[in-house]
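Each value in this text was obtained by applying a stated rule to the coordinates, not by laboratory testing. Computed from a predicted model, the values in this text were never measured in an experiment. Here Cβ is always computed from backbone atoms with ideal geometry, including for glycine, and neighbour counts include all displayed protein chains.
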2 protein chains.
Amino acid sequence: MPILVMKFGGTSVANLDRIHRAAKRVALEVAKGYDVIVVVSAMSGETNKLVDHVAGTSPLYDAREYDAVVSSGENVTAGLMALRLQEMEIPARSWQGWQVPVRTTSAHASARIEEIPPANILTKFAEGMRVAVVAGFQGISPEGRITTLGRGGSDTTAVAFAAAFDAERCDIYTDVDGVYTTDPRICEKARKLDRIAFEEMLELASLGAKVLQTRSVELAMRYKVRLRVLSSFEEPSEEAGTLVCAEEDIMESNVVAGVAYSRDEAKVTLISVADRPGIAAAIFGPLAEAGVNVDMIVQNISEDGRTDMTFSCPQDQILRAEQALAAARGSEAIGYSDLVVDRAVAKVSIVGIGMRSHAGVAAKMFATLRDEGVNIKVITTSEIKVSVLIDRKYMELAVQALHDAFGLDQAA
Amino acid sequence: MPILVMKFGGTSVANLDRIHRAAKRVALEVAKGYDVIVVVSAMSGETNKLVDHVAGTSPLYDAREYDAVVSSGENVTAGLMALRLQEMEIPARSWQGWQVPVRTTSAHASARIEEIPPANILTKFAEGMRVAVVAGFQGISPEGRITTLGRGGSDTTAVAFAAAFDAERCDIYTDVDGVYTTDPRICEKARKLDRIAFEEMLELASLGAKVLQTRSVELAMRYKVRLRVLSSFEEPSEEAGTLVCAEEDIMESNVVAGVAYSRDEAKVTLISVADRPGIAAAIFGPLAEAGVNVDMIVQNISEDGRTDMTFSCPQDQILRAEQALAAARGSEAIGYSDLVVDRAVAKVSIVGIGMRSHAGVAAKMFATLRDEGVNIKVITTSEIKVSVLIDRKYMELAVQALHDAFGLDQAA
């Protein structure tokens, strides 16, 4: 029988009623003839409670013990989901990560899945089991210790199972009903997308549209897993949600698929640094070591052997960035004359695979912002994305204007 | 290094502060030079919450899923305890049942431990680990599923580890400070015992003195594990608690070690049953099948081929007992003329290994009760115990009078 993977996040299994509701969705797919692998998160709030217990016990915790503690919430949900399905007379059983086994690296608290041997679960399917309920977010290290994949890791678990079992589709049930052209909270014309390409989803996810964990989309792209994002609170239908799929599965699309933003950015400019080989490494090495997530980087043209270097990072990492640079200034002889920080900037991006074949998309973006009187501070581009740094106060205005300009309220 | 097992029950690890306090006790033993195996229960209330979740999901649950769910509370405590010990710079790690592994039967929800291979933990001790924190109450079946040992199973886990690792002692930390000559709530002269023999503890435990789970005492007796029961809320001292040990480790003791009682008993008499071979099986077979826990059984002398049969059982099982007997009366031709039920009886017992070598103990008990005007309805005896069934209203009086008569307020 074809295999379907269904993943239910914390809000979708927050209490016994919701687990019941989720189980009914599983039953619909079983009735269609699928063997189903259900991946569950912990009941919402449980993992946070466990994380608090760990933090309250040991501020600098041993990540192996952290994993042993925080993985327990998923085990509870998996057992309860299996029981609920059995009550509906569907043959089901739960599987903890080590039972499958979900083999991961030893990088506790942020392990990566290395292998999911499908034999154990396939044997049970062959014996008549219809649903394998898998505890998400967890695995087992080569040393036999419990690992976790990092927050949001259950999405990754689901996609990894879909890949390992060659599933027809991986449905991610969450509390939003799909992927939107932009955030409906700041643009009322935002429209749900029926389909979006993996590459676009990756850009949107990493830009802060937190519908799917980035790693899960990367994994889906690599193994060509058809991912569907949909709400567990809407009536079931074939058209529900957004399908994240390969480019060739999207017949027609707008040039720009969506407008993303990131509100709490900061911009740092190092004035007059020496324009010599290795200067970028001298600056960004210490920042990386200090745990600063540098995003955009721009180097201006050189003049008299000196240049200005600008980068952006999350606003709450500015202090760390300044300290790291001040320390490096002495030891590494970066030798900038001044450091200018702008803490009130935001990033706005347009994303779309259509950009590859359409010229003038960036120009249209810049003209749109000019017409609204928005000054652009930094620009970076990739093959399917153009991002600009602007004053934070113009962020909503920019998102709305770009949404209109690229006709995102209309389907292609 | 010598190995010590320390077990902390749910109230001793009820929150992060109490886990900290328990960890300090562990640290004291580590400082004395022990390698320590700590067995922990779930934080109090957690297991009940999980059991409620299961009951709310599936009234007739699959015991395998029940076990997968309810075992998770112990895993949380084990990880937190290991973290707390690490904070105190004691090398420690947690072990879930399947990691040790604690091999059990497949009797889910009431599994029995079959084997605990010590190699994995001993290897870590040899490498410098000082404390292995083990999640109590759980194991792994031959099929690789998680099992639990039944409520109170963490005591059994602790004793089984003490046996498997040839531990010097197994300390059970709980919320009472030891084993008493009788219940202090009904007899203010009750005195804490320094030592008690396994056999006596077994009789007291099965009579309702719920300090230790019966199975754990049986196991300790079989493997000669020295068990100490003590409170985690008292100051540490060498004399704390009660040592449950082999008879030969007790130099001097009273003839009677304690007075036990069981309040909610009922007495059933079948009048004029045929005194023929197989009559007892015909009566007690159906009762056992109906789940009635028959305790005392007395058969009076026969007269004209008819006899009276009396038994006791818990008061709340009387209805079930009556139904089972009524059904059996037809099918099995038990043929009693009447069935008399007394719902207001209690059982009072004196227990002591000294009875084996002292005559007249039972006679002294009967005389004491006579002097108080207490009528005895049923008597049974074993090698180290005499039990009587009396009117419930005399129960406290009987316990106090026997406590005085056998001098239990004074040490031997």
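Summary table
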| item | result |
| --- | --- |
| Normalised alpha carbon radius of gyration of the protein assembly as shown [divisor 2.2 N^0.38 Å] | 1.25 |
| Extension gain, B:Ile379 back to B:Asp264 (0.36 nm per residue minus Cα-Cα distance, nm) | 39.7 nm |
| Cα-based reach from B:Lys224 at 19 Å (exclusive), listing lysines while leaving out same-chain residues under 8 positions away | B:Lys7 |
| Relative contact order computed over chain A (Cα-Cα under 8 Å; 6+ residues apart), in percent | 14 percent |
| Highest-MSF residue in chain A out of A:Gln317, A:Gln213, A:Gln400 [GNM, Cα springs under 10 Å] | A:Gln317 |
| Spacing of the two label points (7 Å from each Cα toward its C-beta) at B:Leu60 and B:Lys189, in nm | 5.5 nm |
| Cross-link reach list, lysines versus B:Lys377, counting only Cα pairs under 26 Å and skipping chain neighbours closer than eight places | B:Lys210, B:Lys267, B:Lys347, B:Lys364, B:Lys385, B:Lys393 |
| Qualifying lysines (Cα of each under 16 Å from Cα of B:Lys32; at least 8 residues distant if same chain) | B:Lys24 |
| Global form of the stretch B:268-412, assessed from the alpha-carbon gyration tensor, a/c cut-off 1.5 | prolate |
| Shape of the stretch B:3-250, Cα gyration tensor, a/c cut at 1.5 | rounded |
| Compactness relative to 2.2 N^0.38 Å, alpha carbon Rg of the stretch A:262-336 | 1.05 |
| Note, ³J(HN,Hα) from phi for the stretch A:184-196, Karplus 6.51, -1.76, 1.60, rounded to Hz, x at Gly and Pro | x, 5, 10, 9, 5, 7, 3, 10, 6, 8, 6, 9, 8 |
| Spread of Cα-to-Cα distances over 5 Å intervals beginning at zero, given as percent, for the stretch B:312-359 | 4, 15, 19, 15, 11, 9, 9, 10, 7, 1 |
| Net +/- balance of residues flanking B:Gly144 in space, Cβ distance below 13 Å, scoring K and R +1, D and E -1 | +3 |
